[in-house]
Amino acid sequence: MHEATYDVKEIEKRLAQYIAGLKAPSVLKEAMDYSIQAGGKRIRPLFLLSTVSALGERVEKGMQTACAVEMIHTYSLIHDDLPAMDDDDLRRGKPTNHKVFGEAVAILAGDGLLTHSFQLIAEDPYLDDALKVKLIALLAESAGPEGMVAGQVADMEGENKKLTLDELEYIHAHKTGKLLTFSVLAGAMIGGVTDMQLEQFRQFAEHLGIAFQIRDDILDIEGDQKKIGKRVGSDESRHKSTYPALLTLEGAKAELKKHIRLAKERLKETGADTGTLLELVRMVETRDH
């Protein structure tokens, strides 16, 4: 079999195929696909597949896991936008899922993406059973009550409070960082790494996750609403603690540079062929949406 490409279009094609192939009610598939196809940088699958490639393994081995993590990320956005949480009308410049399909279908579309992600990994023909179990366990931990869900709860509890930097980092390390870290670690596990390399990739991903969120907070202040696809200043309007609020805008930019530098140092230590990963790191640092 020829090497699969792993650009954004290939990832999006696979995501659409996996949803289209479901034996599910058409409105549910339509709602799931609506949010999957709403755009986005596909940063998590790109990091996963680039890590697989950096270790000399065929990227096809990581494709279903890459799509699985993007499905979980998308489910979290559908649920975040609901009136009970962030109550957002726009996501990536389009009406949010519940605005198009209603709250009940939006909730179920999120549930469908979450649960189908694990089925994708379990049925992957390229992975052995032992690796599938490890990936499923790590994804459940990263997305669940010890990971992304914990970060979302802490984020909600932190509204209208002045948080410390440690409290803010806890929120973002869990809400945003855990799925990014999973993506890199899953790619490393599929690519075949030593325990030492796995730890280096973990530290790389953790610094990257913090950098990603700092850049997000900066964009909420000085970003272009048309490029971001949601309201600029929404964090301030919700009285959320952010890196610029705690460190000043210039302080947040300095913190961003620090975590990018540390991420690059850890990545170099892995000894992998990291050219594509470094391009993605630069994208995280300089992205405008």
From the list Met196, Met189, pick out the single residue that is of a type outside the set (Ser, Thr, Tyr) and touching a residue at least 40 places away in the same chain (Cβ under 8 Å). Met189
Single match in Glu206, Glu199, Glu222 (criterion: under 21 Å from Glu255 (Cα atoms) and over 18 Å from the mean Cα position of the chain (by Cα)): Glu222
Reported set for segment 239-274 where residues are touching a residue at least 40 places away in the same chain (Cβ under 8 Å) and of a type in the set (Gly, Ala, Ser) is Ser241, Ala263, Gly271, Ala272
It is to be established whether one or more residues within segment 98-111 are aliphatic (A, V, I, L, M), within 15 Å of the chain's Cα centre (by Cα) and closer than 30 Å to Ile190 by Cα. no
Reported set for segment 263-289 where residues are basic (Lys, Arg) and within 19 Å of Met189 (Cα to Cα) is Arg266, Lys268
Scan segment 25-44 and give yes if some residue there is among the basic types (Lys, Arg) and modelled with pLDDT under 95, otherwise no. yes
Within segment 262-289, of all residues that are surrounded by 13 or more Cβ atoms within 10 Å (Cβ to Cβ) and among the basic types (Lys, Arg), the one nearest to the chain's Cα centre (by Cα) is Arg287
Can you confirm whether Glu12 is of a type in the set (D, E, K, R), closer than 30 Å to Ala272 by Cα and either in a helix (DSSP H, G or I) or out of contact with any Pro (no Cβ under 9 Å at 6 or more places or on another chain) (or both)? yes
Can you pull out the residues in segment 121-131 that are touching a residue at least 40 places away in the same chain (Cβ under 8 Å) and either of a type in the set (Gly, Ala, Ser) or crowded, with 19+ Cβ neighbours inside 10 Å (or both)? Ile121, Asp124, Leu127
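The values are calculated or read from the model by the stated rules, or taken from the named source; none is laboratory data. Not measured: the values here are computed from a predicted model. For neighbour counting, all protein chains shown are included, and Cβ atoms are generated from backbone atoms with ideal geometry for every residue, glycine included.
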